[in-house]
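Engineer: Here's a structure for you.
The values are calculated or read from the model by the stated rules, or taken from the named source; none is laboratory data. What you see is a predicted model, and the numbers here were worked out from it, not measured in a lab. When we count neighbours, we look across all protein chains shown, and the Cβ atoms used for this are built from the backbone with ideal geometry, even at glycine. Ligands, DNA and RNA are excluded from the accessible area calculation, which covers all protein heavy atoms including side chains. Shrake-Rupley method; radii C 1.70, N 1.55, O 1.52, S 1.80 Å.
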Amino acid sequence: MKVFIAGIDGYLGWPLAQYLTARGHEVSGIDNFARRQWVTNMDSQSAMPIFGMNERLAAFETQFGKPLRFYEGDLLDYALLRTALEETQPDAIVHLGEMPSAPYSMIDQERASYTQSNNVIGSLNVLWAMHEAAPNAHLVKLGTMGEYGTPNVDIPEGFFEVEFRGRKDVMPFPRQANSFYHLTKVHDTHNTMFACRTWGLRSTDIMQGVVFGTQIDEMGDDPRLRSRLDFDQAFGTAINRFACQAVIDHPLTVYGSGGMKRGFLPLRDSMQCLGIAIENPPKEGEYRVFNQFEETYTIAELADKVREAGGRVGLDVQIEHFDNPRTERDEHYYNPDRQHLIDLGYKPHHDVVAEVEIMLRDLLPHRQRILDKQEILVPDIRWTGGRRRSQVIEIAPA
Ligand code: USQ
């Protein structure tokens, strides 16, 4: 299949290009390198050294024996995006090209507004460019489990049957997102559903959980093929941050009681799931939703798993609780479905501790890069506004 990846320079996009090429697909993609800039704006850097796109493309061709067609540019540049789809005529378009950080979107009015216009208009442009230049392609759109929030009932995959005043219908499950970033994904969901219904586009909307990990098997040993790994408060996700904290003997920063429950999945599972979605397209006009995660865990449970993995590589990992800079429930019911991908053959890797151990071994040679930026490990972006550094708090044992 011909696959076009929007956001091909990112944490997921770069490994996905390799994963799909190793499976025989013909990959092209677009990126404006915005992720590199956002992380620099957070006064941080990737813990894993990353290389410029020219070096990445050279390594890619050496490893896989064929070139990757790359367009440098922004999804907000509609003419470029449309041309790229006209030229590449993809069977599938994987849309990963959005600003992915909840804390970044909560910093101030400027960042909130940027996040919403960048993500919502960028995704709208993808839909229009498909409609005009590649109407038979399959859009694999990266949404987030965070669209649903944490309701006190089970979470189905996108839709559920409702009975109201004696009548029944299948309707979208309510979205109760908890940041201006997560809300952009809700808006994308509505636009994508509408485009499928109205123009007959086909799409899989992926409600993905929190991803962690430093590698997939297809990367081999060439450092130019490795993906980034962020640890700052905005672009580092929970386990990735914990792993980076562990290798420099910084206490793991569990917010509040750590009772927040989320769906998590290793990077290699994310690749497997996206590959399954691409290789099993929906029919014309179909909009379907996949909840994509390996298992649900509380943040406190994950901190314990990182401590256990640390023990295996000789690290004495400490865990501290910090006052939570976010406004979120830290004790709640959470029971989402994830059956659609399993039905299509997804085999979850359940050993989180083994995956974290791989991460720690990958990160240890680069601990100086984390030490150089360690002052950004404790969060200060407040959901209620402004910046105030979190403090260590005491949590009574359960
Ligand atoms: N958390 C801590 N300590 C930390 C960092 C995070 O306790 O040092 C907590 C947060 O308060 C939150 C949970 O861990 O309760 C997850 O936070 P996160 O930063 O790992 O993930 P989140 O902000 O939800 O966003 C990430 C990705 C986003 C994706 C989302 C999937 O950045 O792009 O959409 O995961 S989900 O969480 O399922 O919505």
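Engineer: Taking every pair of alpha-carbon atoms in the chain, give the share separated by more than 36 Å as a whole percent.
Structural biologist: 20 percent
Engineer: So how long is each side of the stretch 144-257 along the principal axes, counting just the alpha-carbon atoms, biggest first, in Å?
Structural biologist: Extents along the principal axes, in whole Å: 59, 38, 24.
Engineer: Let me ask you something else. In bins 10 Å wide, starting from 0, what share of all Cα pairs of the stretch 6-56 does each bin hold, as a percent?
Structural biologist: The calculated distribution, bin by bin, is 23, 53, 20, 4.
Engineer: Once the Cα gyration tensor of the stretch 244-329 is found, what semi-axes does its equivalent ellipsoid get, as square roots of 5 times the eigenvalues, in whole Å, sorted largest first?
Structural biologist: With the √(5λ) rule applied to the stretch 244-329, the semi-axes are 33, 18, 9 Å.
Engineer: Give the carbon-plus-sulfur fraction of the accessible surface of the chain in %, rounded to a whole number; probe 1.4 Å, heavy atoms of protein chains only.
Structural biologist: After summing per-atom areas, the C and S share lands at 48 percent.
Engineer: Oh, and also: Could you work out how far apart the two model spin labels at residue 371 and residue 72 are, taking each label as a point 7 Å from the Cα in the direction of the beta carbon, and quote it in nm?
Structural biologist: Using points 7 Å along Cα→Cβ, the separation is 3.5 nm.
Engineer: May I have the pair-distance distribution P(r) for the stretch 103-178, computed from all Cα-Cα distances with 10 Å bins from 0 and rounded to whole percent?
Structural biologist: In order of increasing distance, the bins hold 15, 30, 33, 20, 2 percent.
Engineer: Right, something else. Per 0.36 nm of contour for each residue apart, how much would the distance between residue 167 and residue 40 grow if the chain were fully extended, relative to their Cα-Cα spacing?
Structural biologist: My answer for the length gained is 40.4 nm.
Engineer: Quick check of the Kirkwood formula: for the stretch 87-222, what is the inverse mean of 1/r over all pairs of different Cα atoms, in Å?
Structural biologist: For the stretch 87-222, the Kirkwood estimate is 16.6 Å.
Engineer: Still on this structure, please answer the following. Whose amide H sits under 5 Å from the amide H of residue 295, counting only residues 5 or more places off or on another chain, with H placed in the peptide plane?
Structural biologist: Amide H neighbours of residue 295: 264.
Engineer: Also, I was wondering about something else. For the stretch 341-381, restrict the atom set to alpha-carbon positions and state the Rg and Dmax in Å.
Structural biologist: 16.3, 45
Engineer: Can you check how the C-alpha radius of gyration of the stretch 283-398 compares to 2.2 N^0.38 Å, as a plain ratio?
Structural biologist: 1.38
Engineer: Can I ask one more? Going by Cα centres, the stretch 153-218 and the stretch 301-371 are how many Å apart?
Structural biologist: If we compute the Cα centre of each part, the gap is 25 Å.
Engineer: Express in nm, to one decimal, how much length is gained between residue 323 and residue 347 on full extension, taking 0.36 nm for each residue of separation and deducting their alpha carbon distance.
Structural biologist: Extending this stretch completely gives an extra 5.0 nm.
Engineer: To continue, here is another question. In nm, give the distance between the simple-model label positions of residue 86 and residue 389, each being 7 Å from the Cα along the Cα-to-Cβ direction.
Structural biologist: Going by the 7 Å Cα→Cβ label model, 5.4 nm.
Engineer: Using only C-alpha positions, report the orientation-averaged shadow area of the convex hull of the stretch 192-320, nm², one decimal.
Structural biologist: 10.0 nm²
Engineer: What number does the stretch 26-153 give for Rg over Rh if you use C-alpha atoms and the Kirkwood radius?
Structural biologist: Rg/Rh: 1.00.
Engineer: So how much slack lies between residue 58 and residue 33, counting 0.36 nm per residue of separation and subtracting their Cα-Cα distance, in nm?
Structural biologist: The residue 58-residue 33 span can extend by a further 7.3 nm.
Engineer: Quickly estimate the mean residue ellipticity at 222 nm for the chain, helices only: each DSSP H run with n ≥ 4 gives -39500 (n - 2.57), and the total goes over all residues, rounded to 500.
Structural biologist: -10500 deg cm²/dmol
Engineer: So which lysines can residue 2 reach, going by Cα to Cα under 21 Å and dropping same-chain residues fewer than 8 places off?
Structural biologist: Once the sequence-local lysines are set aside, what remains near residue 2 is 66, 141, 283.
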